[in-house]
1. When Cβ neighbours within 10 Å are restricted to other protein chains, what is their mean count per residue of peptide A:65-71?
2. Run the dipole for region A:49-191 about the Cα centre, Lys and Arg Cβ at +1, Asp and Glu Cβ at -1, nothing else charged, and hand back the magnitude in debye, nearest 20.
3. For region B:2-181, taking Cα atoms only, what is the radius of gyration to one decimal and the Dmax to the nearest whole Å?
4. Give or take rounding to whole Å, what are the principal axis extents of the alpha carbon atoms in region B:122-170, in descending order?
5. Grab every C-alpha pair in region A:65-146, bin the distances at 10 angstrom width from 0 up to the longest one, and report whole percents.
6. Please get the size of the charge dipole for region B:2-181, origin at its Cα centre, with Cβ charges of +1 on Lys and Arg and -1 on Asp and Glu, quoted in debye to the nearest 20.
7. Straight distance only, please: which lysines reach the Cα of A:LYS39 with their own Cα at less than 29 Å, same-chain residues fewer than 8 apart left out?
8. Strictly under 4.7 angstrom between C-beta atoms: which cysteines of the protein assembly as shown have no such partner?
Amino acid sequence: MSTASLGSYYRTIITVAVVLLATAFLFSSLRVDAWVGLKPFFEWMGTTWFGVIGTTWGAVFAVVQAFHLLAMALMGGAIIVSDGRLLGLGFSEMDEREVLDKSHTIFSRSLAVVLLTGIFMACGVAMKIYYLEVYWYKMLALSVGILFTYGIKKPLLAKSLDDISPLVRRAVALSSLVVWFSVAGAGRWIGFSG
Amino acid sequence: MINQAVYSFSVWLDSLESSTLLHESFYMYNWIESTHVLFLMVSLGMLFLIDLRMLGYAFPNVPASKVAEKLSMPMFFGFAVMIITGLMLFYAIPVRSGQSLWLRIKVVLLIAAAVNALLFHWRMKRSISSWDTDAKAPIGLRLGAVLSIIFWVLIVICGRLIAYDWFDCAHGQSGLAGVLAGCIDGQAQF
């Protein structure tokens, strides 16, 4: 099927379809099968260099964790500025296109650091997080956040901003804030679930 | 002398019922800790964006004064929340926190970061009209921005290390570590 037949919102439709499929997957027996199947992978993660360093040297783990937090702070700052601008909250005198584009660049780079440090940390506590329900919620929220940002928000805001209805802009900004706050909140929840 | 005073004050705080209640409340303590960590995004997120603007990496086409002016309000709000929640976290576990080497280093770094921020703000106010629309701030302010980032990276690292008990007085620290952590001879174990 040609994507043109889905109209100008094909990315949005595909993203929503992926999220719905993922939700259906979560409530089916396939979820348990996939979880059991992933166990060898998590066991392997613990044996990698990252896993060995993470479990052997607490100080290294803590420093990487600190950089995870720092990158998350910068990522959060970029989200607050871009979504605050879209909502018209306080950044109205700053050029909208400039703010959105630069914020997205900062967001993407910070996200790369968050993911890299996150992989290191996951290797250090692989089997702990494998059995931790909230870790999977965080991964779900993170996947939704990445899909939303790169599948919906970025393509939508790439258009001329004057052509986008104020309601849609606000809805996108609010959704972005909610999704990324959920990711951060679930991350903190992991912190006090062990 | 200072270590004895900090210890006595911490022991007094620890004797208060509300301190014990806060420490033993699983949800309340974790909500406070989570708020403390999550507000990094509001406080440090904004601060880093201001610093990166001065270095020419963020919003180089937006006047520096506008970036600083618009982001300062949420930044100060974020820092206010972090100070309040930080004090509450100290209040919940006062003796161990008061004798945490990492917290002590963190406090020194916080003071250094505050002094650097004041100097930065003063220098910026004095010279902004001559470089406001330039992509990069003058060298002195760029140095201040780099120092600010370094201080805050170290502050977050120290904050993370507080959770580790390597230098806790409960392990019987001696020598420099014991003095810097503020361990008192014959102190009660908490």
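Values quoted throughout were computed directly from the atomic coordinates according to the rules given, and no laboratory measurement underlies them. Please read these numbers as outputs of a predicted model, since none were measured by experiment. Cβ placement follows ideal geometry from the backbone for every residue including glycine, while neighbour counts extend to all protein chains displayed.
1. Numbers: counts 5, 9, 4, 2, 9, 11, 1.
The mean count of partner-chain Cβ atoms within 10 Å per residue comes to 6.
2. On the way: 12 positive and 9 negative charges, 64 e Å.
So the magnitude is around 300 debye.
3. Over region B:2-181's Cα set, Rg and Dmax evaluate to 19.2, 57 Å.
4. For region B:122-170, the Cα spread along each principal axis is 56, 19, 12 Å.
5. Taking every Cα pair in region A:65-146, the percentages come to 17, 40, 27, 13, 3.
6. Numbers: 12 positive and 10 negative charges, 165 e Å.
Using only the charged Cβ atoms, the result is roughly 800 debye.
7. Reachable lysines: A:LYS128, A:LYS138.
8. If one checks each Cβ against the other cysteines of the protein assembly as shown, A:CYS123, B:CYS158 turn up with nothing under 4.7 Å.
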